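Student: Pasting in a structure now, in structure tokens, and then I'll have a few things to ask.
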Amino acid sequence: MRLILASSSPRRGELLRQLLDGFEVIKPEIDESRQIGEGLVAYAERLSVEKAQAAVGMLGCGPALIIAADTIVIDHAGELLGKPADEADARFMLRHLRARAHQVVTAFSLHRTGERPKTITSHALTTVHMRDYGDEEIDAYIASGDPFDKAGGYAIQNAAFHPVARIDGSYSNVVGLPLESVEAALNQIGFPPSR
């Protein structure tokens with residue numbers, strides 16, 4: 001059975017290697033627009049399902065287990081923060097999150113094709129408390145280029161910026177894949193982790 005990670009995120013790949021060996025990586029293209037009236041967790045879960053379905057279309061026939069995920073950041077007011085479009089957007093997000101708590105949700109789908117198809121979709125939620133970093137730190141972080149492919153404009157694992165004071169929940173969820181929840185889902189779908 002082929003094992004597929006439907007994500008081009010290098011962070012997700014690094015995390016999944018803690019559970020599984022020998023997976024292929026493909027990048028499904030989907031419309032990531034939020035639907036009118038769609039709740040944020042439902043939105044993230046739908047995107048993970050659609051990424052898995054798109055991967056099925058790219059693979060053709062044959063049995064496979066596809067893992068797809070989507071990570072979103074929800075600010076203290078309950079609003080969605082995506083990936084920053086430019087430096088000004090990144091600066092706004094980092095100032096907006098500074099010295100406050102927000103939530104990170106990673107939704108994931110495991111989709112098994114073949115004779116006994118099955119899909120498991122779930123999510124993990126972590127509350128992230130940001131430290132009170134300064135504007136000069138923000139400028140240096142933006143200059144590094146690190147914020148631009150990350151929801152909320154930051155990476156919890158960035159050692160130079162270290163934006164997070166503490167978390168309530170899964171660390172790997174904030175990086176991009178909640179390993180504890182994915183491991184449980186792998187066992188449930190009949191594909192126990194190889195590590």
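The values are calculated or read from the model by the stated rules, or taken from the named source; none is laboratory data. It should be emphasised that the depicted structure is a prediction, and the values quoted were computed from it without experimental measurement. No Cβ is skipped: glycine too gets one built from the backbone with ideal geometry, and neighbour counts run over all protein chains shown.
Student: Going through H76, H96, H102 one at a time, which residue ends up being part of a strand (DSSP E or B), without any contact (Cβ under 8 Å) to a residue 60 or more places away in the chain and at negative phi? Full working, then the answer.
Tutor: Working: H76 fails: part of a strand (DSSP E or B); H96 fails: part of a strand (DSSP E or B).
Within the list H76, H96, H102, the selection yields H102.
Student: Here's another thing I want to ask about it. Please give the number of the condition F108 fails out of (1) under 17 Å from the mean Cα position of the chain (by Cα); (2) assigned to a helix (DSSP H, G or I).
Tutor: Checking F108 against (1) under 17 Å from the mean Cα position of the chain (by Cα); (2) assigned to a helix (DSSP H, G or I), the one that fails is (2).
Student: Can I ask one more? Quick one: which of A140, A165, A184 is touching a His at 6+ places or on another chain (Cβ under 6 Å) and either under 26 Å from G78 (Cβ atoms) or at pLDDT 95 or above (or both)?
Tutor: Details: A140 fails: touching a His at 6+ places or on another chain (Cβ under 6 Å); A184 fails: touching a His at 6+ places or on another chain (Cβ under 6 Å).
Result: A165 is the single residue among A140, A165, A184 that is touching a His at 6+ places or on another chain (Cβ under 6 Å) and either under 26 Å from G78 (Cβ atoms) or at pLDDT 95 or above (or both).
Student: Starting from residues that are small (G, A, S) and either part of a loop (DSSP other than H, G, I, E, B) or within 24 Å of the chain's Cα centre (by Cα) (or both), keep the ones in the range 115-142 and report whichever is surrounded by the most Cβ atoms within 10 Å (Cβ to Cβ). Walk me through how you get there before you give the answer.
Tutor: In the first step, residues of the range 115-142 are kept if they are small (G, A, S); the result is 122, 124, 134, 140.
The next check asks that each one be either part of a loop (DSSP other than H, G, I, E, B) or within 24 Å of the chain's Cα centre (by Cα) (or both); those that pass are 122, 124, 134.
Numbers: S122: 17, A124: 22, G134: 9.
Filtering the range 115-142 for residues that are small (G, A, S) and either part of a loop (DSSP other than H, G, I, E, B) or within 24 Å of the chain's Cα centre (by Cα) (or both), the one surrounded by the most Cβ atoms within 10 Å (Cβ to Cβ) comes out as A124.
Student: Across the range 174-195, what is the total count of residues that are small (G, A, S), within 20 Å of E45 (Cβ to Cβ) and either touching a helix residue (DSSP H, G or I) at 6+ places or on another chain (Cβ under 8 Å) or touching a residue at least 60 places away in the same chain (Cβ under 8 Å) (or both)? Before the answer, list the steps.
Tutor: So in the range 174-195, the residues small (G, A, S) come out as 176, 181, 184-185, 190, 194.
Checking the rest, the ones that are also within 20 Å of E45 (Cβ to Cβ) come to 176, 181, 184-185.
With the extra rule that they be either touching a helix residue (DSSP H, G or I) at 6+ places or on another chain (Cβ under 8 Å) or touching a residue at least 60 places away in the same chain (Cβ under 8 Å) (or both), the set shrinks to 176, 181, 185.
Counting residues in the range 174-195 that are small (G, A, S), within 20 Å of E45 (Cβ to Cβ) and either touching a helix residue (DSSP H, G or I) at 6+ places or on another chain (Cβ under 8 Å) or touching a residue at least 60 places away in the same chain (Cβ under 8 Å) (or both) gives 3.
Student: Which residues, counting only those in the range 15-42, are out of contact with any helix residue (DSSP H, G or I) (no Cβ under 8 Å at 6 or more places or on another chain) and closer than 20 Å to V175 by Cβ?
Tutor: Of everything in the range 15-42, those that are out of contact with any helix residue (DSSP H, G or I) (no Cβ under 8 Å at 6 or more places or on another chain) and closer than 20 Å to V175 by Cβ turn out to be R17, D21, K27, L40, V41.
Student: Among all residue pairs at least 6 apart or on different chains, which show Cβ distances below 6 Å where the first residue, located in the range 30-50, is without any contact (Cβ under 8 Å) to a residue 60 or more places away in the chain and the second is small (G, A, S)?
Tutor: Close Cβ pairs (under 6 Å, with a partner that is small (G, A, S)) amount to I30/A54.
Student: Would you be able to say whether some residue in the range 113-127 is in contact with an Asp or Glu (Cβ under 9 Å, 6 or more places away or on another chain), closer than 28 Å to A88 by Cα, at pLDDT 95 or above and not polar (S, T, N, Q)? Talk me through it step by step, then tell me what you get.
Tutor: From the range 113-127, those in contact with an Asp or Glu (Cβ under 9 Å, 6 or more places away or on another chain) are 121-124, 126-127; that's our starting set.
Filter once more, so that each one left must be closer than 28 Å to A88 by Cα: 126-127.
Next cut, at pLDDT 95 or above only: 126-127.
Filter once more, so that each one left must be not polar (S, T, N, Q): none.
Within the range 113-127, not a single residue is in contact with an Asp or Glu (Cβ under 9 Å, 6 or more places away or on another chain), closer than 28 Å to A88 by Cα, at pLDDT 95 or above and not polar (S, T, N, Q).
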